[in-house]
Each structure stands twice: as C-alpha cells, then as structure tokens.
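Structure, as structure tokens:
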Amino acid sequence: MGEGYPHEPSRRQRRRTIRRLSITLAVLAGLIAAAWLQVEPNPPLEHFADREVSIIAHAGAQGHAPPNTMEAFDAAVELGADTLEMDLQVTADDRIVTIHDGTVDRTTDGSGAVADLTLEQVQALDAGHAWEDPDGDTPFRGQGVRHAALSEVFEAFPDTPLVIELKTDGGTDIIQPTIDLIDDFGRDDGSVVVASFDENYLVPVREQLPRVPTNMPESETHGFYVRQLVGLHPWWTPPGEVFQVPEEFDGRQVVTPRFTRAAERLGVDVQVWTVNDPEQMHRILDAGAHGILTDYPDRVVDVLAEREAERGMVRGPDPRRYDGQLDRAERLQDTAQWLTPVWAVVTFLGDEEFYLLLLPLTYWAFSRRIGLRLGVMLLLSASVNGLLKLTFTTPRPSFLRPELAEVTETSFGLPSGHAQNATAIWGLLVALLRPWPVRVGLVALIAAIAWSRIHLGVHFLEDMVVGVGAGLVLLAAFLALQGRFARWWARVTTGARVLASLAASLALIAPATLLSGRLQNVGFDWTGVTDAAAMTGASGVVGPAAALAGFGAGVALLDVGGGFDHRGPVWKRAVRVLLGLVGVAVIFLGLGAVFPSGEQPLELVLRYVRYGLVGAWVGGLAPWLFVRLGLAVAAPERAAAVDPSFDQPTTRPTGG
C-alpha cells in the first residue's frame with residue numbers, strides 16, 4: 001500500500017470487493033432475465049375484447065323466463081345480453097340438453113334423472129311449470145316451454161357467443177357428445193366457451209379442440225389467486241382463457257382490482273357470477289371485472305349506461321373523485337390563459353432534456369465537483385421516479401380530460417417527475433451553494449416548477465406533493481451518504497468502481513422490469529392515453545439507469561487516464577461544451593436512428609447500450625478527449641471524491 005494513503009485496502013479486501021460486486025451483478029442480471037421469461041399473455045378472445053364489459057345471460061334471462069329454455073335465450077338477446085350462458089346435461093340417448101340439475105324434478109312437471117331419460121322424454125315435460133314471476137304467478141305453465149337441445153341452440157343462435165357449462169351429475173359421458181356437436185356446427189372458432197367446475201371435464205376439450213376457449217375451475221383458479229397475491233402470476237401459464245368466479249368465496253374477496261389486473265396481464269377475462277343487484281354490479285365493475293353473469297341482462301344494460309353517462313367509462317374506479325381538481329385546472333387555464341406560455345417555460349426548467357444540457361455544461365466547464373453530484377442525482381432521481389410511477393399506476397388529468405393537456409406526457413401520474421427531480425437537483429444546489437439569495441431563488445424555482453404541472457393539466461395536487469416528498473427523501477439520503485460513498489470510492493480499484501456503477505444501474509432496472517412485466521397487457525380505460533406500451537414499459541427507467549452506469553464507469557476510467565480540471569480560459573471551456581454536446585448528439589441521435597425502440601428485451605438492451613455510452617461520454621470519454629486536445633489539463637479524481645469540498649488538482653495516492 002502507498003505510504004501517503006493509510007486507508008488503502010489490502011489485496012484480499014480488493015478481491016473480496018470485486019467478488020461481492022460480481023455476485024450482486026449476477027443476481028441482478030438473473031432477476032432481469034427472470035422478468036423477461038414471464039409468460040406472454042393469451043391472445044384476447046375476439047368477442048370479449050370488443051366490449052368493455054360483456055353481459056352474459058345466466059341460463060338465459062332466467063329472471064324473465066324459465067331457465068335454459070329458448071324463451072329465456074330469446075328474452076336475453078332482446079334485453080341486451082351479448083352472450084348466452086347455459087347448463088348442459090347428457091340424456092340416456094347421448095343427446096345434450098340445456099338443463100341445470102341432474103334431475104328434471106325442480107324445473108319441470110316430471111321427475112327422474114336426466115341421464116335416465118331420452119331427449120324426447122325430457123322435452124315432453126313442461127319446463128315452464130315451476131317458474132314464477134315476482135308476483136308468484138306462473139305465466140309459462142302449460143305454454144309448451146321445454147328445455148332446449150344444444151343443437152337447437154346452435155341452430156337458433158349461429159352468431160351469438162355462448163358459454164356452455166358441462167354439469168358433472170351424469171358423469172363424463174357428456175364430454176364427447178359436446179365436443180362432437182361443437183365440431184359439427186363449426187363452433188370451434190372461439191365463439192363458444194366451454195366451462196365446468198371439474199377440470200377433468202375440460203382436459204379432453206382442450207386436447208381435441210385447442211381453438212375452443214375454456215374457463216378455469218376452482219382447482220385452477222386457486223393457484224392463480226395465490227400467485228397474484230404474492231406477485232408470481234406473470235410466470236404462470238393459464239390452462240384456460242376465462243375465470244368465472246363469485247365476488248366472494250369462503251369469506252374472502254375474490255374480485256378485486258389486483259385480481260382483475262393480474263388476470264388481464266395473462267390475457268384472461270374475469271367474469272363474475274351470479275350478479276343481479278345493481279349495487280353489486282357497480283362494485284365489481286369498480287374492481288375491473290370484464291363480464292357479468294346475470295339473470296337480468298336489462299339491469300346490467302342500465303348500470304353500464306349510467307356509468308358511461310356519469311363517468312365516461314364503465315370499468316375501473318370512479319374517476320369522478322378527481323372532478324374537483326380537474327375543474328380547478330380548467331379554471332386556471334381559462335382565467336389565466338396568458339400565463340400558460342410562462343408556465344411552459346418554467347416547466348422546461350424541470351424537463352430532463354434541460355438537465356441533460358445543463359449538467360454536462362456544469363461538469364465540463366464550471367465545477368467538476370458540483371456537476372458530478374448533480375449528474376448522479378438527476379439520473380438517480382429519474383430512475384426512482386420511473387419505478388414509483390410503475391408502482392402506483394395512477395392517471396394524469398390529461399388522461400381523464402384530454403383537452404386539459406398543454407404539454408404531452410405519456411407516463412403515469414404519481415409522483416410528479418418534475419416536482420421530484422426539481423426538488424432533488426435544485427435542492428442539492430441549495431445545499432452546495434452558500435449565498436442565501438441564490439438559495440431562496442432556487443426554492444422558489446422548485447415551487448414554480450411543481451405548480452406549473454398543475455396549471456398545464458398534467459398532474460394532480462397529490463402528484464406534486466408526493467413528488468416533492470420523494471425528492472426530499474432522495475436529497476436527504478444523498479447528503480447523508482455522499483461522504484461515506486466518496487471514501488469507499490477512493491479506496492477501491494477502478495474495476496470495483498465500474499462494477500459498482502453497473503450494479504447500481506441494474507438495481508434500478510431489475511424492479512422496473514418486474515413491475516413492467518406485471519403491467520403487460522393490462523388495460524387502462526382512460527380516454528387520453530395514446531401509448532399504453534410506453535406508459536407501462538421499463539424504458540423510462542432503463543434510460544437514466546444506463547446513463548448512470550455509463551457516467552460512473554466514465555468517471556472511474558477517467559481517473560486512470562489522469563483526470564481533468566474543469567478550469568481554464570473561457571474560450572477553452574466554450575469549445576469543450578460545444579465539442580462535448582456534438583459527441584452527445586452523435587451517440588444519442590446516431591444510435592437512436594440505428595437501434596430499434598420499444599419494450600422488448602433486445603430493444604431494452606440496445607437502449608441500455610445507447611444511454612450507457614452517452615453517460616460514459618459525458619463522465620469520462622469527453623473529458624479525456626479534452627485533455628488530449630489541450631482543452632483541459634489532467635487532474636486526478638480520487639482526492640476530489642474523498643473530500644466533497646475539494647475542487648483542486650492533486651496527486652493520486654499510491655497503491656490504488
């Protein structure tokens with residue numbers, strides 16, 4: 001070890017540091033790879049995908065006519081149902097009939113097991129005999145109503161989507177005749193969903209008719225339910241395409257926003273049975289259910305119309321809770337329209353693009369110490385903000401009322417990135433600069449940037465408050481830890497510095513890929529959303545995190561080359577900035593024109609390379625070039641890292 005640096009670590013300590021960092025990198029890379037190995041969503045079922053909410057008539061409109069009869073199916077279509085659901089039993093002559101029970105006792109004037117009767121015998125019975133209307137009358141008794149054969153339903157409703165449930169009372173003999181009927185009528189095109197409470201009845205359907213969607217009974221749904229509670233559902237391949245569940249089961253709330261969003265992630269529809277109360281309909285629609293099985297299709301029609309008229313959307317939480325803030329933003333824009341251009345300029349002072357111009361200029365030409373810290377803070381804050389947005393997934397005002405948008409934004413709302421970054425970056429300057437007028441001005445700038453987002457219609461008040469809070473937490477952590485980190489940075493080798501920079505970036509990217517994978521295929525029914533993929537993707541974190549890695553690696557390698565001193569004649573500083581920004585443009589725009597953009601793994605890897613090279617250029621390559629061209633003089637970095645107040649060239653300690 002060098003005599004002038006008593007805290008220089010031993011060779012064993014250096015190897016241990018490298019080993020720990022390498023293991024950390026391997027673990028983080030494994031997490032990212034695991035995120036990219038999540039299953040692809042099922043392709044959407046065309047009929048259900050075309051509707052925000054599907055109205056599924058349970059056994060027909062059995063609140064208006066005897067269940068599982070042509071009268072009930074006709075009434076359901078007339079009352080607004082888009083899908084007919086029916087129960088199936090097999091008769092003694094292997095015909096499939098639409099009836100719920102394994103016996104005819106409850107719904108007809110006869111008795112006996114369906115499996116012991118022929119189709120002709122079942123249909124000779126009066127299926128309207130026992131049905132009563134709300135007044136207790138039996139208007140369908142003696143009117144020739146009968147339980148329909150499945151073949152009759154196929155013939156009568158060739159273009160109507162159906163959900164057919166295989167009842168288990170008569171045993172497995174029901175399976176093959178049903179499969180044959182679906183095939184004979186050409187209904188293996190996805191327009192018929194086969195359901196059962198026993199997965200063994202669905203396996204032959206899935207094997208023989210792979211294009212026919214199926215539900216997932218309790219044995220399969222339970223596995224998903226547990227996985228979505230702990231966030232492991234993206235690695236589960238659903239054996240079917242539809243969850244048909246009650247709102248509650250065994251005292252547990254099944255249908256929640258978390259459940260329906262997790263199902264959407266897998267491309268699975270959530271259909272809730274049996275819902276006849278309008279209040280319950282509102283509740284499960286608030287949770288994001290995709291379909292309602294009901295005895296009263298007309299009630300669902302009314303509820304959907306009411307929600308559309310009052311909320312502008314039928315699924316998801318009630319956006320009217322934002323009405324007060326949306327109205328305020330409208331008033332601000334109407335009464336102070338002349339201020340809109342002013343706030344647009346103010347908000348630009350919080351744009352990442354502005355910081356990406358300001359911070360290299362500071363680092364290259366004004367203060368290496370301040371520029372270094374501001375650069376790290378910006379890239380760290382931007383990455384953390386992206387993670388928080390993927391966690392909270394809340395709308396912006398402009399997503400709910402597109403006419404409010406004075407600037408274009410595509411990411412989630414909470415927390416405000418402008419408020420957070422301004423608090424962290426300008427707040428760091430408040431801590432670094434001494435003159436109190438400058439500090440007061442910077443605090444006022446932070447407040448103005450945060451408020452501009454409300455006036456411009458892209459953030460709610462809580463977005464701003466949480467953004468400022470997150471920025472303050474980052475700022476406090478940075479100020480508390482920077483000295484300790486600087487001393488560690490000074491002790492370790494260049495290789496350890498580079499590995500630490502890479503590990504820091506992957507520590508931000510790993511949760512981003514996991515969170516983004518959780519949101520893949522999830523719908524957000526906000527009218528102002530124009531790019532859902534960009535909103536739910538990980539690229540918003542990958543970019544700044546990669547630039548952080550490149551910046552750190554560049555600074556580390558610059559030390560090996562002798563460092564650089566930001567001082568010098570004004571003309572040299574100006575040439576540095578001009579040359580450096582040209583390099584940024586060549587790397588960023590040049591690779592941007594060559595590399596594809598998107599949210600797939602290869603595209604994210606290339607994005608990492610692109611932003612990482614930009615960070616490396618700003619942090620190390622450009623200063624190294626400045627020294628080689630005579631635009632700056634060399635100055636070792638290590639002492640500057642140890643002492644935050646240091647900004648003078650010095651000699652590098654030996655043994656490094």
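The values are calculated or read from the model by the stated rules, or taken from the named source; none is laboratory data. Note that the structure is predicted; figures quoted are calculated from it, not measured. Every residue, glycine as well, gets a Cβ built from its backbone with ideal geometry; the counts of neighbours run over all protein chains shown.
Structure values in brief
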quantity	calculated
Matching option when the condition is under 22 Å from residue 372 (Cα atoms), under 27 Å from the mean Cα position of the chain (by Cα) and in contact (Cβ under 8 Å) with a residue 12 or more places away in the chain, among 553, 486, 534, 546	546
Of the criteria (1) closer than 30 Å to residue 304 by Cα; (2) part of a loop (DSSP other than H, G, I, E, B); (3) not basic (Lys, Arg), which one residue 105 fails	(1)
Strands (runs of 3 or more DSSP E) wholly inside the range 234-317 containing at least 2 residues that are touching a residue at least 24 places away in the same chain (Cβ under 8 Å) and more than 24 Å from the chain's Cα centre (by Cα)	291-294
Residue ID - farthest from residue 497 (Cα to Cα), chosen from residues in the range 566-592 that are of a type in the set (D, E, K, R) and surrounded by fewer than 18 Cβ atoms within 10 Å (Cβ to Cβ)	572
Candidate set: the range 179-191, residues that are under 29 Å from residue 246 (Cβ atoms), over 35 Å from the mean Cα position of the chain (by Cα) and free of Cβ contacts under 8 Å to residues at least 40 places away in the same chain; chosen: the one surrounded by the fewest Cβ atoms within 10 Å (Cβ to Cβ)	179
Members of the range 536-565 found to be surrounded by fewer than 24 Cβ atoms within 10 Å (Cβ to Cβ) and at pLDDT below 90, listed by number	559, 560, 561, 562
Any chance residue 233 is of a type outside the set (Phe, Trp, Tyr) and surrounded by 20 or more Cβ atoms within 10 Å (Cβ to Cβ)	yes
Test: residue in the range 160-172 that is part of a helix (DSSP H, G or I), in contact (Cβ under 8 Å) with a residue 12 or more places away in the chain and within 46 Å of the chain's Cα centre (by Cα)	yes
Residue within the range 524-535 that is within 30 Å of residue 314 (Cβ to Cβ) and of a type in the set (Phe, Trp, Tyr) present	yes
Residue satisfying all of: in the range 579-625; closer than 14 Å to residue 550 by Cβ and of a type in the set (D, E, K, R); farthest from the chain's Cα centre (by Cα) among these	610
The range 278-309, subset out of contact with any strand residue (DSSP E or B) (no Cβ under 6 Å at 6 or more places or on another chain) and small (Gly, Ala, Ser), residue surrounded by the fewest Cβ atoms within 10 Å (Cβ to Cβ)	309
Residues of the range 443-462 classified as closer than 15 Å to residue 397 by Cβ, in a helix (DSSP H, G or I) and out of contact with any Phe, Trp or Tyr (no Cβ under 9 Å at 6 or more places or on another chain), total	3
Residue under evaluation residue 401, criteria (1) among the charged types (D, E, K, R); (2) surrounded by 23 or more Cβ atoms within 10 Å (Cβ to Cβ); (3) at pLDDT below 95, criterion not met	(2)
Among (1) under 30 Å from residue 221 (Cβ atoms); (2) out of contact with any Leu (no Cβ under 9 Å at 6 or more places or on another chain); (3) free of Cβ contacts under 8 Å to residues at least 60 places away in the same chain; (4) not in a loop (DSSP other than H, G, I, E, B), the one test that residue 194 misses	(2)
Residue count, the range 52-97 (criterion: without any contact (Cβ under 8 Å) to a residue 60 or more places away in the chain, within 28 Å of residue 302 (Cα to Cα) and either surrounded by 24 or more Cβ atoms within 10 Å (Cβ to Cβ) or of a type in the set (A, V, I, L, M) (or both))	3
Qualifying residue in the range 5-27 (condition: in a loop (DSSP other than H, G, I, E, B) and either closer than 30 Å to residue 126 by Cα or among the small types (Gly, Ala, Ser) (or both))	yes
Test: residue 517 is surrounded by fewer than 18 Cβ atoms within 10 Å (Cβ to Cβ), out of contact with any Cys (no Cβ under 9 Å at 6 or more places or on another chain), modelled with pLDDT of 90 or more and part of a helix (DSSP H, G or I)	no
Single condition residue 92 does not satisfy, out of (1) at pLDDT 95 or above; (2) aliphatic (A, V, I, L, M); (3) within 25 Å of residue 189 (Cβ to Cβ)	(3)
Residue check for residue 410: touching a residue at least 12 places away in the same chain (Cβ under 8 Å), farther than 16 Å from residue 479 by Cβ and in a helix (DSSP H, G or I)	no
Flag for residue 365 being surrounded by 18 or more Cβ atoms within 10 Å (Cβ to Cβ), in a helix (DSSP H, G or I), of a type in the set (Gly, Ala, Ser) and in contact with a Pro (Cβ under 7 Å, 6 or more places away or on another chain)	no
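Results for (1) more than 26 Å from the chain's Cα centre (by Cα); (2) assigned to a helix (DSSP H, G or I); (3) among the small types (Gly, Ala, Ser); (4) closer than 19 Å to residue 449 by Cα, shown as yes or no for each residue.
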position	(1), (2), (3), (4)
387	no, yes, no, no
399	no, yes, no, no
415	no, no, no, yes
430	yes, yes, no, yes
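Each row is one residue, and each column tells you yes or no for (1) within 36 Å of the chain's Cα centre (by Cα); (2) of a type outside the set (Gly, Ala, Ser).
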| position | (1), (2) |
| --- | --- |
| 65 | no, no |
| 68 | no, yes |
| 71 | no, yes |
| 83 | yes, yes |
| 89 | no, yes |
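Per-residue answers, yes or no, for (1) among the charged types (D, E, K, R); (2) modelled with pLDDT of 95 or more:
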| residue | (1), (2) |
| --- | --- |
| 264 | yes, no |
| 281 | no, yes |
| 294 | no, yes |
| 298 | yes, yes |
